[in-house]
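K.L.:
I have a structure I would like to understand better, so I am pasting it below and will then ask my questions one at a time.
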Amino acid sequence: MQSVVRSSFRHPSPQIRRELVEMLYTALPQVAAISLTSVIGGIALAWMSSDPVYAIISFFVFVTASARLVSLRLYKSRGPQASDAGVVRWERIYGVGAACFGASLGMLSFRALQLGDAPGAWLAFGLAMSFCVGMVSRAAIRPWIVLLTAALLFGPIVVGGFMRPEASYSIGATMLFLFWLTLREASRHLSTAFIERLEAKHALARQASQDFLTGLPNRSAFVSALQNGSGHVAIIAIDLDGFKPVNDRHGHHTGDELLRQVATRLAACMGEDGMACRFGGDEFMLLKSVQVGDLGREVALSMAREAVVALSMPYLVNDIPIRIGASAGILVTGAMDHPEATTSDLLEQVDRALYAAKRAGGGRWKWWDEVSRDTVSQRDVG
């Protein structure tokens, strides 16, 4: 039965779960308000009745409320940097805190029903329902928190109601149990709606920065990464040699599949610490942070060489053996040395190096600074 209940709730991806947990921890004003109200209510019950059990429960209300407020403040400084496993821990901390606080309010109502303290029961039940409504509005994005907290909140009240001899209390306890069941559906719908909304937002973001054919980042994502980069970077422009004849001979479907295989090879060449992007057509760009000086140039040259060699290996596309080549233009630059206005200049420079390689016969690479020196020398001779 437990597995069936769990499977009916939608499980978010780690990235979306992080956003959901961040939403939980934005509730400091609401949590502070219900905490203060509940502590005051508990103290008032203990003072008016002089009952030591009220006092003990009120102390537990104060402790759990304080712990929740401390955790909310700590999350602001530590939560945003947490790993995926850390996000899960923060979610559990929030859930356990809410459940303990709910249990303390439930025990306050139970004690009032046990004593036959009608005014106290009314006050304690009002606090419990106020907390429940606020908790559902905040925590329904993580249904397990709602169900656990509501169970610990309502459980003592239901038991206390059935302990009373009056039929009205038993009826009320039954209705409260049925209300808990409705919370399950409400939290499921709210959670699903939140997750679907976030998934749609992420999908739109991916479409804006991802090439639809290859799945690689697109030109916009590349430019953004270049503008927001720091230190020195290697920029490699890649253009396929012999792609157009393949596209014309075997059709666009084969050409598209060939581009997808090219993208896979380039992504493998870059690994996790670099970026391979499709600029459009059969042109690609590689970007990677490198060290200053000769070490950075060696890494850039190795990237270009590895890409050209990898793309020149045979392909099998729709059972058709295909061979193409690739040319590359190389530029190493200090990313932060160039303001946004010169990004187009950087792309133009590496593009010139690329087409110098293609004019030289393809299947090779050229440095931008070498092409620039050759151009200056030709002008001087002229």
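The values are calculated or read from the model by the stated rules, or taken from the named source; none is laboratory data. These figures come from a predicted structure and were not determined experimentally. Neighbour counts run over all protein chains shown; Cβ positions are idealised from the backbone, glycine included. We work out accessible area using only protein heavy atoms, side chains counted, and drop any ligands, DNA or RNA first. Shrake-Rupley method; radii C 1.70, N 1.55, O 1.52, S 1.80 Å.
K.L.:
Going from the alpha-carbon gyration tensor of the chain, what semi-axes, largest first and in whole Å, does one get by taking the root of 5 times each eigenvalue?
P.N.:
The three semi-axes for the chain are 67, 24, 13 Å.
K.L.:
Please sort by residue number the chymotrypsin sites (Phe, Trp or Tyr not before Pro) in the stretch 204-288 whose DSSP state is loop and whose Cβ has at most 11 other Cβ atoms within 10 Å.
P.N.:
Numbers: sites: Phe212, Phe222, Phe243, Phe279, Phe284; in loops: Phe212.
Counting only loop positions with at most 11 other Cβ atoms within 10 Å, the chymotrypsin sites (Phe, Trp or Tyr not before Pro) in the stretch 204-288 are Phe212.
K.L.:
What is the packing order of peptides 87-93, 184-190, taking the mean over residues of other C-beta atoms within 10 Å and listing the highest first?
P.N.:
Ranked by mean Cβ neighbours within 10 Å, highest first: 87-93, 184-190.
K.L.:
How far apart, in nm, are two points set 7 Å out from the Cα along the Cα-to-Cβ line at Phe212 and at Val159?
P.N.:
Each label point is offset 7 Å from its Cα along the Cβ direction, giving 6.0 nm.
K.L.:
What's the center-to-center distance, using Cα atoms, between the stretch 117-141 and the stretch 237-268 in Å?
P.N.:
First find each Cα centre; the distance between them is then 63 Å.
K.L.:
Hey, quick one: spin label on Lys76, modelled 7 Å out along Cα-Cβ, who in the stretch 17-52 has an amide N within reach, i.e. under 13 Å?
P.N.:
Under cut-off, by backbone N: 25-30, 32.
K.L.:
Net charge within 11 Å of Arg18 by Cβ-Cβ distance, Lys/Arg positive one each and Asp/Glu negative one each, not counting Arg18 itself?
P.N.:
Working: positive: Arg17; negative: Glu19, Glu22, Asp84, Glu91.
So the environment of Arg18 carries a net charge of -3.
K.L.:
Moving on to the next point. Please give the contour-minus-distance gain from Phe59 to Gln15: 0.36 nm per residue of separation, less the Cα-Cα distance, rounded to one decimal in nm. Let's see the in-between values first.
P.N.:
Working: separation 44, 0.36 × 44 = 15.84 nm, distance 3.80 nm.
Extra length available between Phe59 and Gln15 comes to 12.0 nm.
K.L.:
For the pair His253 and Ala310, how long in nm is the line joining their label points, each one 7 Å along Cα→Cβ?
P.N.:
Rounded to a tenth, the inter-label distance reads 2.8 nm.
K.L.:
Find which of Leu147, Ser71, Leu115 sits farthest along the positive direction of the dipole of the chain, computed with +1 on the beta-carbon of Lys and Arg, -1 on that of Asp and Glu, about the Cα centre.
P.N.:
Leu115
K.L.:
With all protein chains present, how much of the accessible area of the stretch 109-234 (probe radius 1.4 Å) comes from carbon and sulfur, to the nearest whole percent? Please list the in-between numbers first.
P.N.:
On the way: 4200 of 6220 Å².
Using a 1.4 Å probe with all protein chains present, the stretch 109-234 comes out at 67 percent carbon and sulfur.
K.L.:
Report the equivalent ellipsoid semi-axes for the stretch 124-220 in whole Å, largest first, defined as the square roots of five times the eigenvalues of the gyration tensor built from alpha carbon atoms. Please list the in-between numbers first.
P.N.:
On the way: eigenvalues 414, 22, 13 Å².
Semi-axis lengths for the stretch 124-220 are 45, 11, 8 Å.
K.L.:
Sticking with this structure for a sec: Set the Förster distance to 35 Å, then compute FRET efficiency between Leu295 and Asp319 from the Cβ-Cβ distance, nearest 0.05.
P.N.:
That pair, Leu295 with Asp319, gives E of 0.20.
K.L.:
Given points 7 Å out from each Cα along the Cα-Cβ axis, report the Ala85 to Asn228 separation in nanometres with one decimal.
P.N.:
2.7
K.L.:
Can you give the extra length, in nm with one decimal, that the chain gains between Val133 and Ser170 once fully stretched, where that is 0.36 nm per residue apart less the Cα-Cα distance?
P.N.:
Gain on extension, Val133 to Ser170, equals 11.1 nm.
K.L.:
Among Ala268, His232, Ser327, flag the residue with its Cα farthest along the positive direction of the charge dipole of the stretch 229-359, charges on Cβ as +1 for Lys/Arg and -1 for Asp/Glu.
P.N.:
It is Ser327, whose Cα lies furthest towards the positive end.
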